[in-house]
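Here the structure comes first, spelled out in structure tokens, and everything after it is commentary.
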């Protein structure tokens, strides 16, 4: 058994020694010289023009977030949303996440087709509530839906604000 193992190892060693000969020299020479005369064409890097310098100074500009800069569309005494009203399906989503994709009309009645972020499609008409700020659809044209929202102003009073939902491409 021992002799058999020694013979097997010797045969493997001789076989492996035969693979390491100089028969690969011509292959190595071919790999080095095959494409030596071809050089890749590399286009030069375009020069980058420096951007013009701009000094930004916001010290003399008004603060857009100060309460004095909030200009409500209208403030009426006693204006407040109906909190006991059952909310519609489009009032779960922010107004900027809704997409108007078209209109449908029948006679004088016109509906806007609106897609919600969850992929559901809704038919909206004047009087439908949309958005999270108690929005009410007041007008529908072929290109946009006009919405009047009720938001709370900086002093706590309810203020009407106009918003639009434009037709998206």
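The values are calculated or read from the model by the stated rules, or taken from the named source; none is laboratory data. Bear in mind that the values here come from a model prediction, so they are computed numbers and not experimental data. For neighbour counting, all protein chains shown are included, and Cβ atoms are generated from backbone atoms with ideal geometry for every residue, glycine included.
Here are some notes:
- Residues in region 133-169 that are assigned to a loop (DSSP other than H, G, I, E, B) and touching a strand residue (DSSP E or B) at 6+ places or on another chain (Cβ under 9 Å) were compared, and the one that is nearest to residue 67 (Cα to Cα) is 153.
- Cβ-Cβ contacts under 7 Å between residues 6 or more apart (or on different chains), taken from a first residue in region 49-69 that is without any contact (Cβ under 8 Å) to a residue 40 or more places away in the chain to a second residue that is assigned to a loop (DSSP other than H, G, I, E, B) and loosely packed, with under 10 Cβ neighbours inside 10 Å, are listed as 69/62; 69/63.
- Only residues that are assigned to a helix (DSSP H, G or I) and within 15 Å of residue 137 (Cα to Cα) were counted in region 87-110, giving 5.
- So residue 83, is it under 29 Å from residue 67 (Cβ atoms) and in a loop (DSSP other than H, G, I, E, B): yes
- Filtered by the rule that a residue be on the phi > 0 side of the Ramachandran plot and free of Cβ contacts under 8 Å to residues at least 24 places away in the same chain, region 117-161 gives 119, 127, 156.
- Matching residues in region 153-165 - criterion: being modelled with pLDDT of 85 or more and farther than 12 Å from residue 131 by Cβ: 158, 159, 160, 162
- Conditions (1) modelled with pLDDT under 90; (2) not in a strand (DSSP E or B): number failed by residue 127: (1)
- Residue 114 vs. criteria in contact (Cβ under 8 Å) with a residue 12 or more places away in the chain and more than 22 Å from the chain's Cα centre (by Cα): no
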